[in-house]
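Below is one structure; the comments refer to it alone.
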Amino acid sequence: QVQLVESGGRLVQAGGSLRLSCAASGRTFSNFAMGWFRQAPGKEREFVSAIDWSGSNYTDSVKGRFAISRDNAKNTVYLQMNSLKPEDTALYSCAARLAAPYSRRWGDYNYWGQGTQVTVSS
């Protein structure tokens with residue numbers, strides 16, 4: 001089993017920055033592709049970013065503003081979010097996919113966290 005715990009979400013003004021963290025425990029972290037997803041009220045969950053051994057990937061709406069990184073020694077993946085907009089408001093969740101490349105589909109991941117709330121005020 002793998003446990004994922006997100007942190008770092010809070011209320012921030014538009015134009016501000018946040019860094020989300022997702023700490024993993026339970027299995028060898030470096031074997032996982034890690035993804036970030038978000039879900040706003042009344043909307044479907046959407047892919048935000050992911051990182052695997054080949055590199056990182058982003059949805060178009062966050063390219064140039066968000067950056068994903070990982071620290072395998074700390075079993076943690078980060079999402080640095082800059083130039084935040086009100087439309088970035090959502091519950092952000094991380095997910096882990098074992099021994100496979102990243103995917104943009106939530107259902108392709110093996111483990112999921114509970115999420116951390118990001119609220120961007122205008």
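Tabulated values for the structure
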quantity	calculated
Single residue of the range 36-72 satisfying the filter (within 12 Å of ALA90 (Cα to Cα) and open to solvent by 40 Å² or more (accessible area, probe 1.4 Å)) that is modelled with the lowest pLDDT	PRO41
Qualifying positions in the range 104-121 - part of a loop (DSSP other than H, G, I, E, B) and touching a strand residue (DSSP E or B) at 6+ places or on another chain (Cβ under 6 Å)	ARG104, TYR109, ASN110, GLY113, GLY115
Test: residue in the range 79-87 that is modelled with pLDDT under 95 and out of contact with any His (no Cβ under 6 Å at 6 or more places or on another chain)	no
Pick from the range 105-122, criterion in contact with a Ser or Thr (Cβ under 8 Å, 6 or more places away or on another chain) and of a type outside the set (S, T, N, Q), ranking: surrounded by the fewest Cβ atoms within 10 Å (Cβ to Cβ)	TRP112
So PHE29, is it modelled with pLDDT under 95 and more than 14 Å from ARG19 (Cβ to Cβ)	yes
Restricting the range 25-35 to residues that are surrounded by fewer than 22 Cβ atoms within 10 Å (Cβ to Cβ) and in contact with a strand residue (DSSP E or B) (Cβ under 7 Å, 6 or more places away or on another chain), the residue that is farthest from GLY113 (Cα to Cα)	ASN31
Qualifying positions in the range 82-104 - under 14 Å from ARG38 (Cβ atoms) and surrounded by fewer than 18 Cβ atoms within 10 Å (Cβ to Cβ)	LYS85, PRO86, GLU87, ARG104
Any hit, the range 13-24, residues being open to solvent by less than 50 Å² (accessible area, probe 1.4 Å), more than 27 Å from SER122 (Cα to Cα) and of a type outside the set (Lys, Arg)	yes
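The values are calculated or read from the model by the stated rules, or taken from the named source; none is laboratory data. Note that this is a predicted model, so its numbers are computed, not measured. Here the Cβ is made from the backbone with ideal geometry for all residues, glycine too, and neighbour counts use every protein chain on show. Heavy atoms of the whole protein, side chains included, go into the accessibility calculation; ligands, DNA and RNA do not. Shrake-Rupley method; radii C 1.70, N 1.55, O 1.52, S 1.80 Å.
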